[in-house]
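The numbers here are math on the coordinates, done by the rules we state, and not lab data. Values in this document were obtained by computation on a predicted structure and should not be read as measured data. As a convention, Cβ positions derive from the backbone with ideal geometry for all residues, glycine included, and neighbour counts pool all protein chains shown.
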Amino acid sequence: MPIKIETLRAAAIRQASHFAKSFGETKTLNERTAFLCHSHHDANLAKGLVQLLSESGWRIYIDWADTAMPDTPNRQTAKLIKQKIEELQYFLYLATPRSMASRWCPWEIGYADGKKLLDRILIIPTADETQTHGSEYLQLYRRIDWSSKNQLAVWQPGESDSGVLVKDLW
């Protein structure tokens with residue numbers, strides 16, 4: 001079952017600072033790292049997802065939290081994003097109506113698809129009152145979704161009965 005947008009909003013309220021600062025820091029702490037692809041208009045939902053994943057021992061990189069990023073997107077922005085996608089262990093795509101309509105998000109997932117191992121790209125489908133978002137990608141990549149124990153798990157495309165808990169994923 002996709003993560004409800006309301007669940008992400010609720011998690012954002014309790015969100016602490018769990019953004020990945022550097023790959024070296026997270027490696028020392030033995031944490032999983034990930035680049036989070038999302039629409040900047042969904043910053044609050046991204047914060048909620050960061051909170052949920054941090055509770056499972058993950059550190060998430062978000063470009064707008066990076067002080068090295070230019071204020072206005074340009075070639076340097078693209079260079080830094082490419083660098084982070086390659087450097088961090090996983091690539092996460094937060095699928096929402098806004099990310100699906102974004103100009104940058106499809107570029108980022110396309111870049112990740114060419115640079116990362118297939119099992120290192122994870123889709124986070126979301127649902128609102130009317131529909132599920134991200135289903136276009138669910139047969140291509142693994143997804144993060146809720147387990148029957150109400151914990152985040154990673155599922156193979158098309159599977160719903162044998163996910164691996166996010167906290168156990170390496």
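Its DSSP H runs of at least 4 residues, each contributing -39,500 (n - 2.57), put the calculated 222 nm mean residue ellipticity of the chain at -9500 deg cm²/dmol, to the nearest 500. Annotation: amide H of Leu165 within the under-5 Å range of Val154, sequence separation 5 or more or interchain, hydrogens built in the peptide plane. Relative to one another, the C-alpha centroids of segment 149-166 and segment 70-105 are positioned 25 Å apart.
Once you keep just the Cα pairs under 8 angstrom separated by 6 or more residues, what percentage relative contact order results for segment 81-149? Dividing the mean separation by the residue count of segment 81-149 yields 33 percent. Calculate the FRET efficiency for Thr132 and Asp71 from the Cβ-Cβ distance with a Förster distance of 41 Å, rounded to the nearest 0.05. Working from the Cβ atoms, E equals 0.75. Once a ≥ b ≥ c are taken as the square roots of the eigenvalues of the Cα gyration tensor of the chain, is the result rounded (a/c under 1.5), prolate (a/b larger than b/c) or oblate (a/b not larger than b/c)? Cα axes put the chain in the rounded bin. Based on C-alpha pairs under 8 angstrom that are at least 6 apart in sequence, segment 3-168 has a relative contact order of 21 percent. The string of couplings for segment 157-170 from the Karplus curve (6.51, -1.76, 1.60, θ = phi - 60°) is x, x, 9, 9, 10, 9, x, 9, 4, 4, 5, 9, 6, 9 Hz, one whole number per residue in order, with x for Gly and Pro.
Among Cys105, Cys37, sorting on how many other beta-carbon atoms sit within 10 Å of each Cβ, with the fewest leading, yields Cys105, Cys37. With a Förster radius of 25 Å applied to the beta-carbon distance between Glu55 and Met100, the computed FRET efficiency rounds to 0.45. Ranked for footprinting exposure by Cβ neighbours inside 10 Å, fewest first, Ile13, Ile124, Ile5 give Ile13, Ile5, Ile124. For Ser147, nonlocal amide neighbours, meaning residues 5 or more places apart or on other chains whose placed amide H falls under 5 Å from its own, are Leu152, Ala153. Using a Gaussian network for the chain with springs between C-alpha atoms less than 10 Å apart, which of these wobbles most: Thr77, Thr67, Thr126? With Cα springs under 10 Å in the chain, the top fluctuation among Thr77, Thr67, Thr126 is at Thr67.
Identify which of Leu49, Leu117, Leu88 has the largest mean-square fluctuation in a Gaussian network model of the chain, with springs joining Cα atoms closer than 10 Å. Maximum among the listed residues: Leu117.
Comparing Phe35, Gly134, Met1 along the charge dipole axis of the chain, the residue lying farthest to the positive side is Phe35, per the Cβ-charge model.
Dimensions of segment 94-170 from C-alpha coordinates, computed as largest minus smallest value along each principal axis and given longest first, are 36, 34, 20 Å.
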